[in-house]
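Some notes on the structure that comes next.
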Amino acid sequence: MIRPLIAGNWKMNGLQASEAELRSVIDAVKKSDGGADVLICPPATLIARFAEIARGTPVAIGGQDCHAKASGAFTGDVSAEMIADAGGAAVIVGHSERRALHAETDAIVKAKAEAGFRAGLTVIVCVGETESERLAGRTLAVVTGQLEGSLPQGAGAGTLVVAYEPVWAIGTGRTATKDDIAEAHAAIRQRLGERLGSAGQDVRILYGGSVKPDNASEILAVANVNGALVGGASLKAADFLAIVGGVPR
Ligand code: PGA
């Protein structure tokens, strides 16, 4: 069985005082092996501090995005090497907010994912359809197309994670049905197998989009769902821990 991953994406939320939430998560995860790996991706300003606090604990810290280059004249950007240097172990790339608000194409996402591997990070590649794409019956074509275009060279089961996040479910309180999730995850699993061979069977596929304490256990029990990428509900330790507690045993 694949060990699930519950990842928190704090987005542009969190100040130094928020380390209290991190400490609560660490304390609880330390006490009980919840049966899942736990990752928190705070804003870039907090990665180094959070990584210092989490060092030697079962909670890992990651970034929410990285530049494809290791360094250079890219004002405002952060490289994968910088995330690793700050103590980060993972990076999210291709989140729909980056794709939509920063015009990131599959090719850009792929280059960022390869940068993550270059820096020794676990890379979470996000894919997902918009509502109009779903209504047009194009969900699986969009999702597998994004995966095909964004999948980095050198991807292996240990370091690659895919997150299926229907854009219309992010931050809206709406979630895909269990059948819709199963269908998308099966299509992703199949495409991973075609691209990576048997290693594709072990890549973790997370579901994201309004995962909350009250729907987590149902979603996490769906076939080929190997964890969750949690936005809003990851900001409060109690909610996030309830989701971690929802992994199937
Ligand atoms: P949400 O965000 O849980 O707030 O819907 C998920 C995400 O964007 O990763």
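For ASP180, neighbours were defined as the other residues whose beta-carbon sits under 12 Å from its Cβ, and their charges (Lys and Arg +1, Asp and Glu -1) total 0.
Our note on the geometry: Cα centres of the stretch 171-228 and the stretch 55-129, 21 Å apart.
Summarising the label geometry, the points placed 7 Å from Cα in the beta-carbon direction at ASP202 and ALA238 lie 4.0 nm from one another. Taking every alpha-carbon pair under 8 Å whose residues sit at least 6 apart, the stretch 1-154 reaches a relative contact order of 18 percent. If R0 is 30 Å, the Cβ-Cβ spacing of ALA136 and ALA221 corresponds to a FRET efficiency of close to 0.55.
Please give the net charge around ASP239, taking every other residue with its beta carbon less than 11 angstrom from that of ASP239, where Lys and Arg add +1 and Asp and Glu add -1.
Within the 11 Å Cβ shell, the charges total 0.
Using R0 = 51 Å, the C-beta based FRET efficiency linking ARG118 and THR172 works out to 0.90.
Excluding LYS69 itself, calculate the net charge of residues whose Cβ lies under 12 Å from the Cβ of LYS69, where each Lys or Arg counts +1 and each Asp or Glu counts -1.
So the environment of LYS69 carries a net charge of -1.
Placing pseudo-labels 7 Å out from each Cα toward the beta carbon at ASP85 and ASP214 gives an inter-label distance of 4.6 nm. Take the Cα of SER24, step 7 Å toward its Cβ, do the same at ILE2, and the gap between the two points is 3.0 nm.
Since every read-out is calculated from the coordinates, none of them should be taken as a lab result. None of these values were measured; they are calculated from a predicted model. Note that we place each Cβ from the backbone using ideal geometry, even for glycine, and neighbour counts take in every protein chain shown.
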